[in-house]
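The values are calculated or read from the model by the stated rules, or taken from the named source; none is laboratory data. These figures come from a predicted structure and were not determined experimentally. No Cβ is skipped: glycine too gets one built from the backbone with ideal geometry, and neighbour counts run over all protein chains shown.
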Amino acid sequence: MIKATYLDGQLLLAMPSMTDPRFDRSVIYICSHSEEGAMGLVINSSAVNIDFPGLLEQLDVAYNQEDFSDEPLSTYKEEEGEEVILHAGGPVEIGRGFILHTADYVQESTMIISETIALTATIDILAAIAQGTGPKNYIVALGYTGWGKGQLEEEISRNSWLNIEADEELLFRTDLELKWARAMAKLGVDITMLSTHAGNA
């Protein structure tokens, strides 16, 4: 019998045996996990039909239009030149925004996940990001991924997911399309050897 282990602050990596096409090759950061269930954010999928500037406009958050110059809105950049990608965090509450970020920025409503990572879901943090006073590193996501009581544990037992410790390089400074492969490599898994029909030992 597998002992229950809570995975707060870890990454879930979708295995080739994943049966839900919505999570094919997904990398999910687990924000909370308890006996009652789990909640996480997909960190390697970009949102469709809306970008970060569009989100700011919908929420009436002020930003500097000069930051866009003549580039398309999807290339909104901060002062240091980094593109702000709007992530698709999961299929639950896709109209709600979540910001996973370094713990150098904390509000009263911020959920501290680890010594270095936190989660905030307020307009204030979006305004701070738009004004260049937000956290050092962050992921802006729409929607989240959720599991009911015992559901995640069951999926892990079916070899749908592997889990590893998260690190800021993988979270915040790795291209979306590279995150799954790099996370697998960090775990020591050769993705060319993975079968779509994994079994239980």
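A compact table of results
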| item | result |
| --- | --- |
| Residue, modelled with the highest pLDDT, within region 60-80, restricted to residues that are within 21 Å of the chain's Cα centre (by Cα) and outside any strand (DSSP E or B) | Glu78 |
| Long-range neighbours under 9 Å by Cβ, at least six apart or interchain, first residue of a type in the set (Lys, Arg) within region 6-26, second crowded, with 21+ Cβ neighbours inside 10 Å and part of a loop (DSSP other than H, G, I, E, B) | Arg22/Gly90; Arg25/Asn44 |
| Positions within region 96-116 being within 18 Å of His33 (Cβ to Cβ) and in contact with a Phe, Trp or Tyr (Cβ under 8 Å, 6 or more places away or on another chain), in sequence order | Phe98, Leu100 |
| Criterion violated by Thr110 - all others in (1) closer than 19 Å to Ile28 by Cβ; (2) free of Cβ contacts under 8 Å to residues at least 60 places away in the same chain satisfied | (1) |
| Evaluation of Trp180 against (1) farther than 14 Å from Met39 by Cα; (2) more than 13 Å from the chain's Cα centre (by Cα) (one fails), failing number | (2) |
| Test: Leu55 is on the phi < 0 side of the Ramachandran plot, outside any loop (DSSP other than H, G, I, E, B) and out of contact with any Leu (no Cβ under 7 Å at 6 or more places or on another chain) | no |
| Selection from region 20-52 of residues that are closer than 27 Å to Ile129 by Cβ and in a loop (DSSP other than H, G, I, E, B) | Ser26, Ile43, Asn44, Ser45, Ala47, Val48, Asn49, Ile50, Asp51 |
| Answer residue from region 148-190, given it is basic (Lys, Arg), surrounded by fewer than 17 Cβ atoms within 10 Å (Cβ to Cβ) and touching a strand residue (DSSP E or B) at 6+ places or on another chain (Cβ under 7 Å) and is farthest from Ser45 (Cα to Cα) among those | Lys149 |
| Selection count, region 1-58, where residues are under 13 Å from Gly89 (Cα atoms), in contact with a His (Cβ under 9 Å, 6 or more places away or on another chain) and surrounded by 17 or more Cβ atoms within 10 Å (Cβ to Cβ) | 8 |
| So Tyr144, is it of a type in the set (Ser, Thr, Tyr), touching an Asp or Glu at 6+ places or on another chain (Cβ under 7 Å) and crowded, with 20+ Cβ neighbours inside 10 Å | yes |
